[in-house]
1. Residues to consider are A150, A165, A119, A111; find the one that is more than 24 Å from D240 (Cβ to Cβ) and of a type in the set (G, A, S).
2. Do you know which residues across the range 263-288 are within 25 Å of K213 (Cβ to Cβ) and surrounded by fewer than 17 Cβ atoms within 10 Å (Cβ to Cβ)?
3. Say whether the condition of being of a type in the set (A, V, I, L, M) and either out of contact with any helix residue (DSSP H, G or I) (no Cβ under 9 Å at 6 or more places or on another chain) or outside the structural domain of N389 (by TED's automatic domain parsing) (or both) is met by at least one residue in the range 247-255.
4. Scan the range 130-151 for residues that are farther than 11 Å from F118 by Cβ and either within 22 Å of the chain's Cα centre (by Cα) or surrounded by 13 or more Cβ atoms within 10 Å (Cβ to Cβ) (or both) and report the count.
5. Among the residues of the range 1-47, write down those that are over 17 Å from M177 (Cα atoms) and in contact with a Phe, Trp or Tyr (Cβ under 8 Å, 6 or more places away or on another chain).
6. State which residue pairs qualify: first residue hydrophobic (A, V, I, L, M, F, W, C) and inside the range 85-100, second residue surrounded by fewer than 23 Cβ atoms within 10 Å (Cβ to Cβ) and part of a helix (DSSP H, G or I) in any location, beta carbons under 6 Å apart, and separation of 6 or more residues or different chains.
7. What is the number of the single condition among (1) closer than 20 Å to F373 by Cβ; (2) free of Cβ contacts under 8 Å to residues at least 24 places away in the same chain that N347 does not meet?
8. Report, by residue number, each residue of the range 100-129 that is loosely packed, with under 14 Cβ neighbours inside 10 Å and under 23 Å from M177 (Cβ atoms).
Amino acid sequence: MSKKCVVVGVSGGVAVYKALDVISTLRKQDIDIHVIMTESATEFVTPLSFQSLSQNMVVTDMFAEPKAWEIQHISLAKRADLMLIVPATANIIGKVANGIADDMLSTTIMATKAPVVFAPAMNTNMYENVIVQENITKLKRLGYNFIEPASGRLACGDVGKGKLADTKLISDYVISMLNDQKDLVGKKVLVTAGPTVSDIDPVRFISNRSSGKMGFAIAEEARDRGADVVLVAGPSDIPDPFGMKVVRVRTNEQMMNAVLEDFDSSDIVIKSAAVADYKPKEYHDKKIKKTEGDLSIDFVRDNDILKTLGERKKDQILIGFAAESNDLIENADGKLKRKNLDYIVANDISKSDTGFASDDNLVTIISSKGEQFALDKMNKKDVARNLFNIIKKR
């Protein structure tokens, strides 16, 4: 993604300090940030804090002496690839909805042709007020974007909807909108992620160390490139990503049923989940009590979801993952052939700094035509991007 510019508008509210976290995250993605603060916003957090994180001068006064010979609100409006209003108060939403431009922020919003995203934060009663809701509905109809506020305990003590959305969600939303690659528009991508669980008794189960990070990164990359995404996820601490259908499952059988429901209508299917191959032959409906002797449990084969999909596929591009501790390429290539895959991502899990639970991966992507694409160590988001770049060539 080429370097982008985001103009962040900060309006006055208790959640102003959370905008600093959003700006910090966006700067780490090498996004150029320019901040406009309303006068009331400066009463909560000083402009210096935003200047330090954005590494650009903060604009607060429409009539201040300019640092360069340019009309600032027009200059920023033209420079922006996207405008983010965080937090967005009822006041700034109402101004824009009714064409009022009486300060630097409102005039810049009116002057820009870039997409504008509002992240509202306000008291529950204010947010639910019919006037505010009509203003939001009007702006949505006119093409403005909104990130829904969260529910919970507000700073005023009330409980309800109105909290600023999670800052990671806001950052992810912005990064997604800035993605230039929209080569998956009109395509449906089905992704599986995380582990599955096989129960032994009401207390015990067997699983594996998969965190789901790789599968979630793949689903998010597909979404950012314009795909209609279905994510089938086993137990994971990662929150549901926005902008896609998320199906939470626990067992092998549940994952298989969920995948088969969307498989036939999918264009690309990526099975990155670490599915349990075996399950206890017998489930004990009461907790197994400790005895003096050893405990022996018989295991039987569970569903081979990937093999089933390989036998069933028609025009789908089917990708599997091979997590191997030895003979990486040989084992992965054998799995590719046995399961009738188009590609397989071979992942060496013997390394402590890549693979399960890590933010990075070191993989080799193998095609059914015998091509091998060995990627350098990189974060899982970049692995996902490279995977789709390889698929795109097909």
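The values are calculated or read from the model by the stated rules, or taken from the named source; none is laboratory data. Being a predicted model, the structure only gives us computed values, none of them experimental. Positions of Cβ are backbone-derived with ideal geometry, glycine not excepted, and every protein chain shown enters the neighbour counts.
1. Testing whether each residue is more than 24 Å from D240 (Cβ to Cβ) and of a type in the set (G, A, S) leaves just A111.
2. Hits for the range 263-288 are D267, D277, Y278.
3. no
4. Number of matching residues: 4.
5. V10, G12, G13, V14, V16, Y17, A19, L20, V35, M37, F44, V45
6. Hits for this filter: A90/M126; A90/V132; I93/N135; A97/N135; A97/K138; A97/L139.
7. Answer for N347: the failing condition is (2).
8. K113
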